[in-house]
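Just so it is clear, none of the values below were taken in a lab; they were calculated from the coordinates. All figures in this text were calculated on a predicted structure; none of them were measured in a lab. All Cβ positions, glycine included, derive from the backbone under ideal geometry; neighbour counts span all protein chains shown.
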Amino acid sequence: MSRKRNKRKSPSSGAGSLTTDALIEKAKQSLDNGKFKDAIGHFKVLIKKQPQAGWLEWLAEAYSGRTVTLAEKGMLKEAILIWRNRAELCDKHLAEPLFLRLLAIAGQTDELITLLNKHQTALAEQQQLVPLHELLAALVIAGNNDLLTQLPANHPVVTDYPSAFAALQAYCQGDDEALQAELKTIPFRSPYKDLRQILKALVCKVDETRVTLLQRISPDSPFNSLAQALANSQLADEELYVKLNEQEPHSQALTLTLKGWIPLQKFINELINLGKAPSEEALMRLLTRHQAKFEPHYLRQLITRLLIPSTRCQALIKLAANKPTPFEIAVIQSIQSEIQELNPRAVLDAWGIAINIQQENLRAQDDVKTALIIALMLNHRCEYFRSAAAPAEILISEMSEIIKYDPEDKETYLQLLPALRSEGMLKEARQTVEKATKYFPDDMEILTEAVETALASNAFKKAAKIARKILDRDPINHRVRQALINAHLAHTRKLIKQSKFSLAEKELQEASSWAKSPADQGKIDLVSGVLQVKQKHYTTAQQLFDSATTKLGGALCGRFLLLLELNKQACSVSQVLKQCHLEKTFKNIELTDLMALFKTLNRLLENEDIIKIKGSFDLLKVALKKGVKLHFSFSECLDICDTLKSLDHHELRQHYAKAALKHWRNAPVFVYHALEAKVLSSDYLSTAEFERVKKALSSAQEAGDTRVSYNLQEIIDRELYGNHFFDEYDDDDDEIFSPFGSMEEPEMPTIEMIVDFLLDKMPKKEINELRRSLGEKGLQDYVRDIAQSVFDDTALPPIPSNSENEKKKTAKKTPNETTNQGELF
Amino acid sequence: MLDPYQQLQLPQNPTDDEVRCAYLQAVRKNPPEQDAARFQAVQQAYATLKTQRSRLKHQLFCAEPVTPSELLSHVASTTSDKSLRPTLKQLQATLYHGIKP
């Protein structure tokens with residue numbers, strides 16, 4: 001078959017038709033862009049037309065560029081020829097350093113020696129003689145011995161050669177003594193000085209010294225390739241892999257030799273050929289080819305890890321040296337479902353398959369390891385659900401399963417017990433405490449949980465007994481000390497309720513004996529105050545309340561804790577305030593006082609009954625509205641908004657967030673707080689507000705604030721589609737996910753439930769549009785009509801409208817919308 | 001990521017005691033003042049293999065991408081031929097091919 005050569009047109013062809021100015025422009029452009037061959041052609045035409053000194057200089061520059069380009073490509077003969085043309089056509093000096101170096105490397109030593117002898121003085125003046133001698137030294141060491149006979153006998157390249165070569169030989173033979181002896185004979189200014197440093201570095205055992213020695217070698221040194229190979233051999237594997245990819249084959253081989261990796265050269269070469277970021281498929285093929293180099297268990301793990309990120313898992317399995325087991329495949333698919341951020345239900349199902357396989361194995365053979373594997377998978381799945389903010393009942397069910405398979409999993413007990421208590425599952429909590437203390441009878445954390453559980457179950461004496469046991473061993477255990485004081489205070493309240501005032505007094509004394517901080521004493525003073533109120537000792541009560549306020553961190557915080565205490569003891573707030581001559585409102589609020597209150601609230605929210613907290617907090621609403629005018633820092637205002645969110649106090653949250661937006665305009669986090677608070681206060685967002693959320697989302701994303709981005713996205717999703725855990729799945733078999741009713745008691749939906757369900761499930765965008773056109777009441781009526789028509793099995797009602805135009809629109813839209821709404825059931 | 005079993009030179013199914021022994025040996029071999037990075041890697045390997053629970057966890061959930069440098073390190077750590085010096089010819093060839101004009 002004939003081969004067509006793609007002949008490139010000569011750069012100067014057609015140049016004759018160009019004007020001189022155009023040709024000059026073109027030639028200069030080629031020169032600037034490094035197209036030296038083209039530039040040479042253009043300048044030649046120009047000079048032919050009209051010789052000018054300036055153009056001759058440019059032509060010389062183009063020749064220089066072309067020479068360097070060819071030399072870099074290893075086309076030394078061609079480079080030398082171009083340089084000769086430069087000297088001849090442009091009237092330039094031939095024996096410049098570049099030319100001499102080219103002659104040396106190309107082995108044209110006769111001409112080189114002649115020119116060197118002739119221009120020695122000029123080269124020395126240009127300080128080019130030493131680099132040239134170093135180049136000759138490197139060439140001689142590399143095996144070009146002809147030079148030694150051509151250079152004068154007293155030339156340093158000749159005189160120092162025996163020592164330098166002997167040193168190199170000694171190193172290669174492992175004779176370090178001879179090496180050191182030879183190195184000492186190489187003069188300080190020898191052209192072999194870089195080789196001396198490299199040989200020293202090669203046998204040096206101290207990392208820092210080796211680095212210093214190698215740093216003395218200039219990148220332009222002709223010995224640099226040796227230095228670089230040695231430097232690379234010292235790198236960490238990750239960096240070394242990158243460098244090996246960049247190295248020339250000889251240098252690469254030297255690095256591998258220095259690492260002692262020559263037996264692995266085949267594997268390493270194959271690995272390097274895969275590039276810096278090889279595909280999973282390429283790595284899998286490599287692993288299969290070299291499977292003998294890996295231990296079986298590690299090979300299995302590598303295969304699994306290659307399969308996890310792969311999009312072509314099945315195809316890749318076919319290439320694998322060891323085919324994964326069904327269990328391994330199930331684990332891979334589960335991890336993939338997590339990475340791909342599938343719906344939590346899909347992740348649950350994927351792990352369910354893996355767990356089932358091991359459960360089958362466990363049924364076949366009771367084995368501790370298998371049980372532990374199941375527990376670990378359940379634990380992992382539980383962690384995933386925790387991060388996906390799954391409902392507490394799912395987490396509790398998962399954790400309960402974990403301790404069935406792994407009853408020695410302390411961490412799970414420590415997470416399960418607070419969860420059970422906060423869900424009011426006290427019977428289960430007590431059973432779990434019993435199980436946990438069986439395995440960890442002396443563990444402080446487990447015992448602390450036992451105290452908390454006993455407290456939650458109103459078993460105050462039991463709580464105090466366990467707490468004392470802990471404090472005997474660990475007197476500085478703050479959490480248990482608190483729990484013990486709380487146990488005594490809770491018991492005191494119980495006694496006050498039963499009007500057993502003297503016993504209550506004794507209990508308070510017991511609590512006081514454990515109180516160490518003013519805050520603890522303040523709490524006790526509050527309960528004592530209530531006890532005094534009950535006994536109608538109002539003056540003493542007032543003194544105790546005043547003293548408590550000081551100890552509890554300020555007027556606002558003290559008042560809140562008093563309100564909470566009165567709430568706990570079912571006292572009338574207004575009556576007690578009046579009896580004790582305490583002011584109902586606050587004239588001024590200090591910033592420190594307000595922040596102390598929110599700090600206390602955050603602490604209480606972790607342990608106390610949120611309903612009681614909310615009830616007491618509501619009584620401070622008026623005072624807190626005044627606080628909006630204070631000068632907060634960004635983080636202070638953020639803390640306040642976060643706490644108000646936890647308290648579901650969206651009205652105040654909106655107030656504070658709006659105030660913050662006046663200071664920090666369009667700060668995404670405050671846009672989120674202000675507008676989510678608005679939505680949660682049963683209001684809807686206007687189009688402008690919706691746009692503001694979108695804008696805030698992009699700002700948060702730009703700033704890399706993932707948490708705020710996620711929260712803002714939630715608002716958008718909720719507005720557009722609604723957003724509920726497991727919404728996309730409707731598994732009738734699993735009652736946990738049923739939109740109606742509880743797990744135990746399935747119930748028939750009522751009209752009101754269907755209305756709520758429809759409002760929740762219908763596309764939010766449509767709901768909002770309907771709300772805008774009909775108003776809240778109109779919307780409710782309309783949805784109720786739909787629900788009723790489903791109940792009565794009659795035609796769905798048309799969408800009511802106020803204007804004629806809207807009526808027309810509705811008439812057009814109704815058939816489709818009717819179908820859609822019908823599909824919701 | 002390096003294979004922690006390889007790092008501590010452990011067989012596939014070690015006991016907790018075997019892991020601890022291997023860890024102490026590795027720490028003695030690689031004290032932090034000599035090679036901080038290696039010491040840290042040993043510590044990390046020990047944390048991964050310390051108990052049966054942690055070993056199973058590693059086996060089940062390790063999903064770190066496989067990198068060429070990991071394979072390189074692993075295979076390299078299996079070879080014991082560390083004392084080889086290059087030949088004169090190899091050094092000369094590297095030098096010759098590395099000389100640039």
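Only Lys, Arg, Asp and Glu count, each charged at its Cβ (+1, +1, -1, -1), so figure out the dipole size of chain A about its Cα centre, rounded to 20 debye. Here chain A has a charge dipole of around 2180 debye. Placing one equal scatterer on every Cα of chain A and applying the Debye formula, the log10 ratio I(q)/I(0) at q = 0.04, 0.06, 0.11 Å⁻¹ is -0.40, -0.77, -1.33.
The label point for A:VAL211 and the one for A:GLU88, both projected 7 Å from the Cα toward the Cβ, are 5.3 nm apart. Ordering A:THR212, A:ALA229, A:SER190 by Cα displacement along the dipole of segment A:184-258 toward the positive end leaves A:SER190 in first place; charges were set at the Cβ atoms of Lys, Arg (+1) and Asp, Glu (-1). When all alpha carbon pairs of segment A:317-436 are counted in 10 Å bins from zero, the resulting P(r) reads 13, 39, 33, 12, 2, 0 %.
Taking only the C-alpha atoms of segment A:180-316, Rg followed by Dmax gives 19.6, 66 Å.
Could you give the length gained by full extension between A:LEU235 and A:GLU423, i.e. 0.36 nm per residue of separation minus their alpha carbon distance, to one decimal place?
62.1 nm
Principal axis extents of the C-alpha atoms in segment A:419-575 (largest first, rounded to whole Å): 52, 30, 29. Annotation note: GluC sites (Glu not before Pro) in segment A:54-104 located in DSSP loop regions with a Cβ neighbour count of at most 14 within 10 Å are absent.
A straight Cα-to-Cα reach below 12 Å connects A:LYS462 with the aspartates and glutamates A:GLU452, residues fewer than 8 places away in its own chain not being considered.
Here the simple spin-label model places points 7 Å from the Cα toward Cβ, and for A:GLN126 and A:LYS49 these points are separated by 3.3 nm.
Cross-link pairs exceeding 21 Å between alpha carbons, from the set A:LYS44/A:LYS118; A:LYS410/A:LYS438; A:LYS500/A:LYS536; A:LYS599/A:LYS645: A:LYS44/A:LYS118.
With the cut-off at under 19 Å, measuring from each backbone N in segment A:412-442 to a point 7 Å along the Cα-to-Cβ line of A:ASP366 picks out A:439. As a size descriptor, the averaged projected area of the C-alpha convex hull of segment A:380-479 was calculated at 6.4 nm². Here chain B is scanned for trypsin sites (Lys or Arg not before Pro) in DSSP loops (not H, G, I, E, B) that have at most 15 other Cβ atoms within 10 Å, and the longest stretch holding none of them is B:1-49.
Please go through the residue pairs A:LYS587/A:LYS614; A:LYS369/A:LYS435; A:LYS276/A:LYS694; A:LYS612/A:LYS695; A:LYS37/B:LYS89; A:LYS578/A:LYS612 and name each one whose alpha carbons sit more than 29 Å apart in this structure. Please list the in-between numbers first.
Details: A:LYS587/A:LYS614 22 Å; A:LYS369/A:LYS435 21 Å; A:LYS276/A:LYS694 39 Å; A:LYS612/A:LYS695 38 Å; A:LYS37/B:LYS89 38 Å; A:LYS578/A:LYS612 22 Å.
The answer is A:LYS276/A:LYS694; A:LYS612/A:LYS695; A:LYS37/B:LYS89.
Working value for segment B:1-42: equivalent-ellipsoid semi-axes of 19, 12, 6 Å, each the square root of 5 times a Cα gyration tensor eigenvalue, largest first. For segment A:315-376, the set of GluC sites (Glu not before Pro) satisfying both a DSSP loop assignment and a count of at most 10 other C-beta atoms within 10 Å is given as A:GLU341. Our helix-only sum for chain A, with -39,500 (n - 2.57) per DSSP H run of n ≥ 4 divided by its residues, gives a mean residue ellipticity at 222 nm of -23000 deg cm²/dmol. Pairs from the table (A:LYS266/B:LYS100; A:LYS28/A:LYS49; A:LYS534/A:LYS568) lying more than 21 angstrom apart at Cα are A:LYS266/B:LYS100.
Computed from the C-beta positions of A:GLU341 and A:LYS614 and an R0 of 35 Å, the FRET efficiency is 0.50 to the nearest 0.05. A straight Cα-to-Cα reach below 16 Å connects A:LYS193 with the lysines A:LYS184, residues fewer than 8 places away in its own chain not being considered.
A simple rule links phi to the HN-Hα coupling: the Karplus curve 6.51 cos²θ - 1.76 cosθ + 1.60 with θ = phi - 60°, which for segment A:148-153 gives 4, 7, 8, 7, x, 5 Hz, with x for Gly and Pro. Taken along its principal axes, the alpha carbon cloud of segment A:69-197 reaches lengths of 56, 31, 23 Å, longest axis first.
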